[in-house]
Every structure is written in C-alpha cells, then in structure tokens.
1. Would you pick out the residues in region 102-128 that are touching a Ser or Thr at 6+ places or on another chain (Cβ under 7 Å) and in contact (Cβ under 8 Å) with a residue 12 or more places away in the chain?
2. Can you report the number of residues in region 46-83 which are without any contact (Cβ under 8 Å) to a residue 24 or more places away in the chain and either of a type outside the set (Lys, Arg) or under 29 Å from residue 30 (Cβ atoms) (or both)?
3. When residues of region 104-141 are filtered for being over 30 Å from residue 11 (Cα atoms) and not in a helix (DSSP H, G or I), how many remain?
4. Could you tell me which of the residues 41, 15, 5, 24 is surrounded by fewer than 17 Cβ atoms within 10 Å (Cβ to Cβ), closer than 25 Å to residue 173 by Cα and out of contact with any Lys or Arg (no Cβ under 8 Å at 6 or more places or on another chain)?
5. Can you give me the number of residues within region 214-232 that are modelled with pLDDT under 85 and either in a loop (DSSP other than H, G, I, E, B) or closer than 28 Å to residue 92 by Cβ (or both)?
6. Among (1) of a type in the set (A, V, I, L, M); (2) at pLDDT 90 or above; (3) part of a loop (DSSP other than H, G, I, E, B), where does residue 211 come up short?
7. Can you find, within region 111-148, the residue that is nearest to residue 30 (Cα to Cα) among those that are in contact with a strand residue (DSSP E or B) (Cβ under 8 Å, 6 or more places away or on another chain) and hydrophobic (A, V, I, L, M, F, W, C)?
8. Suppose we keep only residues that are of a type in the set (Phe, Trp, Tyr) and over 15 Å from the mean Cα position of the chain (by Cα) within region 50-76. Which one would you say is farthest from residue 133 (Cα to Cα)?
Amino acid sequence: MNTLLDQFTQLKQALEGKNEVEALATLAELFPGEVVFSSSLGYEDQVISDMIFAHHLPVTVFTLDTGRLFEETQKTLQRTNKRYDTHIRAYYPDLEAVEAMVSSKGPYSFYDSVENRKECCFIRKVIPLNRALKGAKVWITGIRAEQSGNRQEMEQLEWDEAHQLFKFHPLMSWSFDEVKTYVKANNVPYNPLHDRGFVSIGCAPCTRAIVEGEDFRAGRWWWEDESKKECGLHAR
C-alpha cells in the first residue's frame, strides 16, 4: 500500500510542468467527484472559477456566506452564476450558534478581543467550511505567496493534516498584476470593491480598503497585530 508520502510524491509528479487549467483537469481526473474549490469571490478566486467554468472542469465550487458579507460580494456571486450559467453552492453558519454568540456578546464582539474574533470566524467560517470539505480529497484555493509573509512559505501542493486532504494553490506564484490582467483579458466578473482599494475582501465589519504601500492583508482585522491575521480556514 502506498504511503501518504508516496501519494504526495506521485501527485506532485503528475502536476509537474502543467499550466493551471491542465493541473486542475488532472486533479479532477485523478479524484473524480472529490475535488472542491472554495471561493470568496475575490480577484484570485474569480480567476480560478473562470478556469473551472470556462473549461467545464468537474470541480465543485462553493462559497461561505457568513451573514456579514458586503452587498457587492453578494452581487458578484449573482453575476458569476449568471455569467457561467451555474449555481455556486453557499454554506451558511449554524443559526443557533450565531444566535447564542450574538445574544451573549453582542453583534460586534470581535472588536473586543482576538479570542472573540476567532470565535466569530470559527462559527461563521470554519464550521461551515468543515461541512463543505466533507468527503473531498482535494481542496483548491486562491492563495498566492505574495499575499502575506506566512503564505510565502507555502508550497503549491500541500497535505492538510487537519482536514486529511490535499490542498492545491494554482495561483501560488502569480503576482497581483497577473491576476488583474487575467480578469480584464477574459472579462471575468469581479467585486467592484477592488476598484475602491479593497484587496482582500471578507466580512464587511472586518474589512477596510488599504492605501498604497500597505500589506495585502492590512485591510483585514486592521485593529489587530499583524501576526494574528488569519481566520483559521488555512491553519497549518
């Protein structure tokens, strides 16, 4: 029986030398019905969605609706579904868990402490993500190395121990300019907040535009220390 290391090595070899679309197609062929893509509907994820839908790749695309998204993000989802004649599945947080948190701590408890913010992210994002990944063998993401310091240490293909699946980041080596060029060249629907200085877009109360010279993630949880700016979706 092949060990996990053997499987990882074989998969890495199967993807070697392939462009993004070819790599996605290879994964879909090797793991039929078990490849999923999580889209936040931001620039990077819209590029990957276009690759999947335009080439009719059998990859399940889903998004996490936290209940606190920008209206512009919701409209981007609607435009994307119409453009590609598809139905991106939305996963929502458990109603009772949200009710309990808001009732006991208020609707903006995440501003009070890192612990409260992580609790909110866990309820609204991590638990729904776990449901979305159930049964999957490969998780596609829009992560790029340029986005933050800790992501520069990540490999394009990884093993996610927590979820017991492979993670593949097709745009890992892309620059932000390359992402924007692809969006424009292929007329990909994108979130208009990007035109207003929002680079990384999450929940409305936790996201602001950035100014020139700031880090890509500076607009996320801007009231916190830089070292804490992850929500738990990509815990390593």
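1. 120, 124, 125, listed by residue number.
2. 5
3. 5
4. Sole residue among the options that is surrounded by fewer than 17 Cβ atoms within 10 Å (Cβ to Cβ), closer than 25 Å to residue 173 by Cα and out of contact with any Lys or Arg (no Cβ under 8 Å at 6 or more places or on another chain): 5.
5. The total comes to 10.
6. Status for residue 211: all satisfied but (2).
7. 138
8. Step by step, filter region 50-76, then rank; the result is 70.
The values are calculated or read from the model by the stated rules, or taken from the named source; none is laboratory data. The shown structure was predicted, so the numbers you read here are calculated from the model rather than taken from an experiment. No Cβ is skipped: glycine too gets one built from the backbone with ideal geometry, and neighbour counts run over all protein chains shown.
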